Each structure stands twice: as structure tokens, then as C-alpha cells.
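Contents: one structure, followed by commentary.
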Amino acid sequence: MLNIALPKGRLGEKVYAMFARAGFPCPSILEENRKLVFENREKGVRYFWVKPSDVAVYVERGAADVGVAGKDILLEHAPDVYELLDLKTGRCRMAVAAPRDFREDMRRKLRVATKFDRIAGEYYASLGRDIDIIHLNGSIELAPLLGLSDVIVDIVETGTTLRENGLAVVAEILPISARLITNKASFEFCREEIEAIRRGLETQTEDKA
Amino acid sequence: MNPAIDALTSEERTLLKLRALYRQYGYAQFRMRKFEEYDLYAGNKDFLVSENVLTFTDLNGKLMALKPDVTLSIVRASPDRTDSVRKVFYNENVYRTSGSTRAFREIPQTGLECIGPIDDYCILEVLLLAAESLRRISDRCVLEISQLDILAALTEGLGVPEETRRKLLKCIGAKNLHELRALCREAGADEEKAETLLKLAAAGGRPEEVLDILRALPCPPAAVRQLEAIARGFRASGLEEMLRMDFSVVNDMQYYNGIVFRGFVYGVPVSVLSGGQYDRLMRKMGRSAGAIGFAVYLDELERIVPEDASPDADVLLLYDEDVSPERVCREARALTAEGRTVMVQRQAPEGARFGEVRRLTGEEARDA
């Protein structure tokens, strides 16, 4: 039985549909109830919903053999897992945004508000720019508006939230999408089962650019 | 029943089995101090599993470190000999951060090192001992080996900058073929060579399948022959079932070369054994000899130990205030002489489990 951790929410539902089409359905998962774990014994899979940012933890520690996590989470937490496939869904970008009239003062340390300390830190280190990271857990867009930071590093999907708050993307750091990940030890002991899932999902991503 | 053996924890049992195994092949135990001069680690930080080292200042002002690694100490303490191989095993605690926990931990580690003129037999012996070590931990286990000379040749052939090459190796280590392909394209690598590297990164599994793939790729022939010889050696030893070849084992090429490997046992989510040839570390430390070794991380094994259902003691012996100490002592000794374990208390401790409870009262001993 393979344990599969899916991210709770809209992305998770999309991803579950991909697993079902790949030949690993579990109809009970679509019933409206408060259950957290869903099993299809015949197909040898057990799904469960977890907070998106926790998927990598479940997989790294072996509570889940396989999972789906955003590339942002994988870069930020650098879990020791295999990243088997880009599912090419849940696409967005990690970007630097600032108030529309922002001009960077290179004589000063740049104050960066973000949820993604590591990604922001590595990005600015690659530019050789000295920064002050301000870690926030939500409403990142607020920080430059109130003078808490100069810029933000955050996920941008459509850009609507940014626009409505007078912010604009000033630099793109990298594109983000959902990835199929697996525990390294699980892969050793369930190589065929995991490969079958990977192949079933891969055929669904091939037509996407 | 031998009470001394019954008293061993499962970690101690594993340790004894491994020690017996290494001694069978003539490995001598290497003992070392808990700390070393910090300089030993400062110069080789990338060799360490985690670069955080616990340091303190000695009374003479010298910066010392609680050892985060055993290999460096063994190399330093070994004479640079090229006539015969020095074979040692160790069982030590190391101090380092591990995984995502941002705190220092004491990690029990056992392992072995061969230092000297390392040849194909010596490599095979170490690999077989690694395999046998895993089998002494669990029946369901896997030893995964890789050959860094093949990886080095195929990545060097791409003609990409060193920085890109490091990223490529990281992708191979994560079995991340989609980003590997994108990186090769971005760096303008030769398409045919990039395709070869992708095939290598995707290869993994039983030796025969992987060797078939390798023979069709432009790999260094000597390295492929070496892998073939290892596969034959495992077959001859009846251990081929647990051997896998997989190029996602990518130890740091600044230190390692040739064969690198790691081991998994069922039920533990991380690798419990890791090793390889480290001639490059030897050069960095000014040695001309070669070396190969591995470590077994014993702290990870507690996950596969079944929960201890045995009682805290076979007999709980309770005694009243007016019972003399000599009598309590006599009763307790009589029980232990029968081979039973006994806990003596005035009152039953909370939460503890016992096979049987006896009470000694003022007049006579009788079962409660």
C-alpha cells in the first residue's frame, strides 16, 4: 500500500484527478465528509490531505511514500527527497514586487519582506546584494505599503492582488509548479509502483509546454 | 536464558553483530578521543555531512571541536603506507546537526575504513561487508552503488561551466530529469551528450538492467568493467538480490571518486549506511594512498525496533514497614537466582508493569 500525501485545496483536487486518470482512483475521496484518509485497496493506494506546506515533511520522514508539493516549498525547505516529475499544474512564479514608483537605492541595504527566506536570500546573494530579510507569515503585500520593507518576494499567480495594492513585479526569480516527490527509501522498496504512478502522470503532462 | 544478553538493547545487539562481522575479516577496532582540533574540520568542511561543528576553547586557548566525523581522524592517525591496507572499524558518537533539525545531536555511528593500496578486491570486500551489515539489521534491505568516474566523464563531456555542472549533479541526485533536461538546454550543451546524461540519470535498479544500459552509453570502459566485476562478486556471495545500481548516489566529487554507495532498510525513511572511495580527500590531506569506507547510522534504527512489551520487572516485591531489610534482601536474591527480574518497593510505582506482585508482611511472605 502506497501512502500518498496531497495538498489540501484546489490544487490538490486537480492533482487527485490526475492520479485518478493515471489509473489510481479512489472514489471515496470525492464524498463530502470530514475523513482525512481514503483507501483503494485494489489499486494499492491510500490518499490523505495535508496542508500544502507540510507535504514535503510527510514525504521526507516517510509517513507518505509519495506526495505532491509546489517547487516553492521544495526550494524553501530543501527536503531530502526525489523530485520525479514536473506536473505542470498549479503554475505561478516567484517574483520580486515593489510599489509602482519604487527606485532602488543601491547605497542602502534592501529590506525584503517574504515568507520564503531561503529563496529570497539565495536570489539576492547571487546578485551580491546586501539585504535585510523580514520574515512574515501572510499579507506580504502590506509590508511595502506601510514602509516595513522596500520590496517583497512572493508567489505571483495572476498579479491581481499586487495591482490592487499599487505593486508591480520588478524581477522574476523562477517559475513554480507542482512536483511529484517521493521518499528515497520508499523508492527503493516500491520502485515499480512509484514508477507506474510517475508514468501515468507523465503522459498527462506531455501536451503541456 | 542469559540475563547479560537479555539486558542488551537492540542497538547494542546490532553493534555486537557488526563488530563480530568486521573482526571476522581482520578489521581492528580504532578508538579515538571525543574531540579534535578544529583545524582538522575547518579545512574539509564540505566533506562533513553537516558543516556545523560544535566548538570550544581548550585551556591553552586552542579551538577544539567535538568530532562531527570519524573518517578524518582515522586518516590523520594512519601512516601513509602503500604496501598493505590498514583495515579498521570504529564505534563512536559524532556530534552534528542532522536533517532539518537545527540543533546539535549526539549520533552513534559505526563503520569501517580501508586505507592503503586499494584494489578491486578491497573495494568488493568493503561493499560485501556493507551489504552484510545491512542484512544483520534487517532481512529487507538494499545496497545502492554508483560509479563517480562515469558521472564525472559524462558531465565533463558536456562542456558546461563548473557552476552548471554542480547544478546538474544536484538534479541527478534528486532524480529530477525535467530540470536536468532544461539545464542542459539552457547551458547550450551538446544535445547528444545531454541525452546520454539523461539516460544515465534515469537508469536505476537491478545490476543486469543497469549494466545493459551502461554498455550502450559512451561510459569509461574501466568503470563499467568494475561494476560488472562487483555484480559478479555479489552473485558469487549470494547477495545479488539486494544490490542496486543507481546514479542518484552523488557524493561530493571534491572528496570522493570511483565507487560510492548507500544502504536502506525497510521501515526507515532515510539511508542508514553511506560510504565510498575517497582518494581525493587523501590527496587533500597530503597522502598518496587510496581509501574506502562506510558508516552505519545507528540512531535511525530505533524506528524499526518493535515496541518493548515486556514488563518493567517479572516480580514487584512490596514490603511492609516492619519487615527487616535482611529478609527483603533474601527474598529478592532468591527471585534473581531463579533468573527472574525483581523490583523492590514500599509502594507500587505508578505506570509501571509487572508480571506478578508479591507482598512481604510482618509475619510471613505471601503472594498478594
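The values are calculated or read from the model by the stated rules, or taken from the named source; none is laboratory data. Note that the coordinates shown come from a computational prediction; the quantities given were computed from them, not determined experimentally. Cβ atoms come from the backbone with ideal geometry, glycine included; neighbour counts cover every protein chain shown. All accessible areas refer to the heavy atoms of the entire protein, side chains included, with ligands and DNA or RNA removed. Shrake-Rupley method; radii C 1.70, N 1.55, O 1.52, S 1.80 Å.
Inspect all residues belonging to the stretch B:42-61 and state whether any of them is open to solvent by 70 Å² or more (accessible area, probe 1.4 Å), closer than 28 Å to B:Arg23 by Cα and not in a strand (DSSP E or B). Yes: one or more hits. In this structure, does B:Val88 turn out to be away from chain A (no Cβ under 14 Å), crowded, with 19+ Cβ neighbours inside 10 Å and in a strand (DSSP E or B)? Yes. The test for being of a type outside the set (Ser, Thr, Tyr), open to solvent by less than 50 Å² (accessible area, probe 1.4 Å), under 30 Å from B:Ser248 (Cα atoms) and within 21 Å of the chain's Cα centre (by Cα) does not hold for A:Ala185.
Counting only residues that are in a helix (DSSP H, G or I) and crowded, with 22+ Cβ neighbours inside 10 Å, which one in the stretch B:170-186 is farthest from the other protein chains (Cβ to nearest Cβ)? Checking each candidate, the answer is B:Cys184. For the stretch B:68-105, which residues satisfy the criterion of being in contact with a Phe, Trp or Tyr (Cβ under 6 Å, 6 or more places away or on another chain) and of a type in the set (D, E, K, R)? If the condition is that a residue be in contact with a Phe, Trp or Tyr (Cβ under 6 Å, 6 or more places away or on another chain) and of a type in the set (D, E, K, R), then B:Lys87 is the only one that fits. Given the options A:Glu172, A:Glu192, A:Glu202, name the one that is under 30 Å from A:Lys109 (Cβ atoms) and either touching a Phe, Trp or Tyr at 6+ places or on another chain (Cβ under 6 Å) or of a type outside the set (Gly, Ala, Ser) (or both). Just one listed residue meets the conditions, A:Glu172. Here A:Leu167 meets each of (1) of a type outside the set (Lys, Arg); (2) more than 20 Å from the chain's Cα centre (by Cα); (3) open to solvent by less than 10 Å² (accessible area, probe 1.4 Å); (4) within 9 Å of chain B (Cβ to nearest Cβ) with one exception, condition (4).
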